[in-house]
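Student: Before we start, here is the structure in question, set down as structure tokens.
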Amino acid sequence: MFETFEEAAAFTATHAIEMIDLKFSDLWGRWHHVTLPASQFTPKLMENGVGFDGSSVGFKAVSSGDMVLVPDLRTGFLDPFWDMPTLSFICVTLEADTREIFPYDPRNIAQRAEKYLQQTGIADASFWGPEFEFYVFNGVSYENGMNVASYRVDSAEADWNTQDMKSGGYTIPRHGGYHAIPPQDHLFNLRARISLYLEEMGVEVKYHHHEVGGPGQCEIEIPLLPLLKAADATLLIKYITRMTAFEMDLTATFMPKPLYGEAGSGMHYHQHIWKEGRNLCYAAEGYGCMSEIARYYIGGLLQHGGAVMAFTNPSTNSYRRLIPGYEAPISAFYSLANRSAAIRIPKYANRPETARFEFRPPDATANPYLAMSAQLLAGIDGIRNQLDPTELGFGPVDDDIFTWSEKQRAQIKALPTSLPGAMDALEADSDFLLAGDVFSEDLISRWIEQKRSEDRQVRDRPHPYEIELYYDL
């Protein structure tokens with residue numbers, strides 16, 4: 001939004017800004033913030049930053065937790081949810097004493113990934129288009145204790161509410177929500193309001209629609225953006241979606257699988273790389289109009305797919321979604337338009353400026369800075385080592401593999417089916433992430449330790465369905 005502090009200060013004065021909100025992502029992908037009166041928005045702030053405790057958000061040890069935030073002026077936007085005029089910025093994270101960029105800040109990792117791509121000479125830019133799938137419910141409650149474990153969500157659109165007067169009789173059958181129209185689609189005004197907020201903040205929206213999940217599943221898509229901007233936009237969209245729903249007495253979740261027996265929510269990443277204004281992924285004569293470089297990139301992404309999923313699917317709930325029968329990609333192959341493929345090449349993206357592919361396993365529990373960086377590094381490794389996906393057994397496969405016999409499907413490399421499986425894959429295959437000093441061994445170890453801990457916390461608890469299954473045995 002701004003190139004200089006003078007521009008930002010002039011905007012603050014012209015628009016009578018009263019509060020400056022500084023937002024930053026922790027290692028796990030959650031935004032945090034600290035807020036200053038506009039009087040504190042001075043050149044000294046840009047020089048010294050604002051101190052915070054990095055140990056509280058997973059960055060550092062308690063004994064050396066002091067860090068500072070400095071606003072990235074380019075990310076400024078008016079936050080529409082505050083009662084007083086508020087200008088928000090996403091921040092750069094620095095060491096408190098040396099003012100050096102903190103190497104474990106996920107946003108800085110994304111910047112290093114972009115820089116590494118340029119250093120290889122392969123390309124000078126990568127572009128990313130995440131798809132945002134999420135559920136919107138009328139309410140949510142949950143409880144976890146020694147003697148209780150329960151959750152409940154409700155949706156006026158759901159077919160379990162056919163007797164609810166609030167639905168007006170306009171409910172959506174299970175798996176029947178794809179492009180539903182009002183009045184069955186109760187959420188069109190919500191999505192439109194989200195879209196307008198985003199456009200006001202400089203994030204272009206391609207379209208929005210109701211997704212296949214009957215009880216309130218939605219989708220919003222944006223055009224492809226450079227990696228860092230796409231990651232910033234991802235956290236902004238999640239924030240705007242949740243806050244807009246909250247304003248309308250609704251609740252939004254990006255959990256991959258909030259409902260049993262209904263479609264899950266993914267975050268497919270459309271991507272391609274460019275050099276000197278030319279899309280390197282396009283070749284008119286190639287399969288799906290994919291170039292040789294694109295095929296090598298795909299080969300790297302599939303070869304390292306399990307390790308990549310440690311960052312793109314980093315929750316236990318991720319693997320509730322990745323099961324057969326829900327267009328969920330559970331096998332490492334690529335294809336033209338096949339939605340059961342881990343990598344799909346859209347048939348409609350067949351021109352020099354649009355040719356691309358999408359990696360379909362990811363979901364929104366990922367930290368987008370790390371998720372996109374891991375994918376890019378896997379693709380770079382594929383290009384540098386000429387990893388041909390066909391020679392490696394990754395297809396292309398244009399059949400519905402769920403119609404194959406179990407023996408046929410066993411010929412295709414399986415992707416991880418659990419969070420521990422993804423961590424195992426990362427432990428066995430992490431060298432490609434260390435290229436260009438983008439990731440570090442310490443960060444990878446910290447990530448694995450945290451995710452194994454989350455898995456243990458889930459596994460150690462009795463499941464409500466186990467009571468039904470085993471109580472009387």
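Student: Any idea what the relative contact order of the chain is, in percent, if you count C-alpha pairs under 8 Å spaced at least 6 apart?
Tutor: 13
Student: What is the spin-label model distance, in nm, from Ala284 to Leu36 if the labels are put 7 Å beyond Cα along the C-beta direction?
Tutor: Distance between the two pseudo-spin positions: 5.5 nm.
Student: How about the range 265-304: which GluC sites (Glu not before Pro) there are in a DSSP loop, with at most 15 other Cβ atoms within 10 Å of their Cβ?
Tutor: Glu276, Glu285
Student: Using only C-alpha atoms and all pairs of different ones, pull out the Kirkwood radius for the range 116-182 in Å with one decimal.
Tutor: 16.3
Student: To the nearest 20 debye, what charge dipole does the chain have about its Cα centre, counting +1 at the Cβ of each Lys and Arg and -1 at the Cβ of each Asp and Glu?
Tutor: Once rounded to the nearest 20, the dipole reads 660 debye.
Student: Now, a different point. Identify, among Phe333, Val205, Val148, the residue whose Cα sits farthest towards the positive end of the charge dipole of the range 114-470, taking +1 on the Cβ of Lys and Arg and -1 on the Cβ of Asp and Glu, with the dipole about the Cα centre.
Tutor: Phe333
Student: List Ile237, Ile298, Ile330 from most exposed to least, where exposure is judged by having the fewest other Cβ atoms within 10 Å.
Tutor: Listed from fewest to most nearby Cβ atoms, that is Ile330, Ile237, Ile298.
Student: Something else now. Can you list, bin by bin at 5 Å, the percent of alpha carbon pairs in the range 22-162, starting at 0?
Tutor: For the range 22-162, the pair-distance distribution reads 2, 7, 12, 14, 14, 13, 12, 11, 7, 5, 2, 1, 0.
Student: Once phi is turned into ³J(HN,Hα) by the Karplus curve 6.51 cos²θ - 1.76 cosθ + 1.60 with θ = phi - 60°, what whole-Hz value does each residue of the range 237-249 show in order, with x for glycine and proline?
Tutor: Going residue by residue, I get 5, 4, 5, 5, 4, 5, 5, 5, 4, 4, 4, 9, 6 Hz, with x marking Gly and Pro.
Student: Sorting Trp447, Trp274, Trp404 on the 10 Å Cβ count, fewest up front, what's the list?
Tutor: Fewest-to-most ranking of Trp447, Trp274, Trp404: Trp404, Trp274, Trp447.
Student: From largest to smallest, what semi-axes in whole angstrom does the range 303-401 give when each is the square root of 5 times an eigenvalue of its alpha carbon gyration tensor?
Tutor: Semi-axes, largest first: 20, 18, 14 Å.
Student: Once the dipole of the chain is set up with Lys and Arg at +1 and Asp and Glu at -1 on Cβ about the Cα centre, which of Phe127, Tyr178, Gly76 lies farthest towards its positive end?
Tutor: With unit charges placed on the Cβ atoms, the residue in question is Tyr178.
Student: Then there is this: Kirkwood-based Rg over Rh for the range 228-375 (C-alpha set), two decimals?
Tutor: On the Cα set of the range 228-375, Rg over Rh gives 1.00.
Student: Only counting other Cβ atoms within 10 Å, I'd like Ser265, Ser195 sorted with the fewest neighbours first.
Tutor: By the 10 Å Cβ count, ascending, the order reads Ser195, Ser265.
Student: So if I place +1 on the C-beta of Lys and Arg and -1 on the C-beta of Asp and Glu, and nothing else carries charge, what would the dipole magnitude of the range 5-102 be about its Cα centre? I want it in debye, nearest 20.
Tutor: Using only the charged Cβ atoms, the result is roughly 140 debye.
Student: With no solvent and one point on each alpha carbon, what is the Debye value of log10 I(q)/I(0) for the range 140-261 at q = 0.12, 0.13, 0.14, 0.21 Å⁻¹?
Tutor: Here log10 of I(q) over I(0) equals -0.51, -0.59, -0.67, -1.24.
Student: Which whole-Hz couplings ³J(HN,Hα) result when phi for each residue of the range 279-285 is put into the Karplus expression 6.51 cos²θ - 1.76 cosθ + 1.60, θ = phi - 60°, listed in order with x for Gly and Pro?
Tutor: Here the 3J(HN,Hα) series is 6, 6, 8, 9, 8, 4, 8 Hz.
Student: Cβ neighbours within 10 Å, averaged per peptide: list 80-91, 124-135, 220-231 in order, most packed at the top.
Tutor: Put in order of decreasing packing, that is 124-135, 220-231, 80-91.
Student: Hey, got a sec? Which GluC sites (Glu not before Pro) in the range 328-417 land in a DSSP loop and have at most 12 other Cβ atoms within 10 Å?
Tutor: Answer by residue number: Glu353, Glu391.
Student: For each pair in Lys23/Lys115; Lys229/Lys451; Lys206/Lys229; Lys257/Lys347; Lys347/Lys413; Lys44/Lys229, compute the distance between the two Cα atoms and list the pairs where it is over 18 Å.
Tutor: Violating the 18 Å limit, Cα to Cα: Lys23/Lys115; Lys229/Lys451; Lys257/Lys347; Lys347/Lys413; Lys44/Lys229.
Student: Got a sec to turn the phi values of the range 360-367 into Karplus ³J(HN,Hα) couplings, 6.51 cos²θ - 1.76 cosθ + 1.60 with θ = phi - 60°, whole Hz, x for Gly and Pro?
Tutor: With coefficients 6.51, -1.76 and 1.60, one gets 9, x, x, 9, 7, 6, 6, 6 Hz.
Student: Mind jotting down the three principal axis lengths of the range 5-102 based on Cα atoms? Whole angstrom, largest first.
Tutor: 42, 26, 20
Student: Same structure, new question: So what's the Cα pair-distance distribution over the chain, bin width 20 Å, in %?
Tutor: 23, 56, 21, 0
Student: Check cross-link reach from Lys275 to the aspartates and glutamates: straight Cα distance under 14 Å, and skip same-chain residues fewer than eight apart.
Tutor: By straight Cα distance, Lys275 reaches Glu114, Asp124, Glu353.
Student: Shifting gears a bit: Which cross-chain or sequence-distant (5 or more) residues have an amide H under 5 Å from the amide H of Met267, H modelled 1.01 Å from N in plane?
Tutor: For Met267, the qualifying residues are Asp363, Ala364.
Student: Where in the range 97-156 are there trypsin sites (Lys or Arg not before Pro) that are in a DSSP coil and have at most 14 other Cβ atoms within 10 angstrom of their Cβ?
Tutor: Hits after loop and neighbour filter: Arg99.
Student: Count the net charge of all other residues whose Cβ sits under 14 Å from the Cβ of Arg356, scoring Lys and Arg as +1 and Asp and Glu as -1.
Tutor: +3
A short reminder: the numbers here are calculations on the coordinates, not readings from a lab. This structure is a prediction, so every number in the text was calculated from the model and none was measured. Every residue, glycine among them, receives a Cβ derived from its backbone with ideal geometry; neighbour counts consider all protein chains shown.
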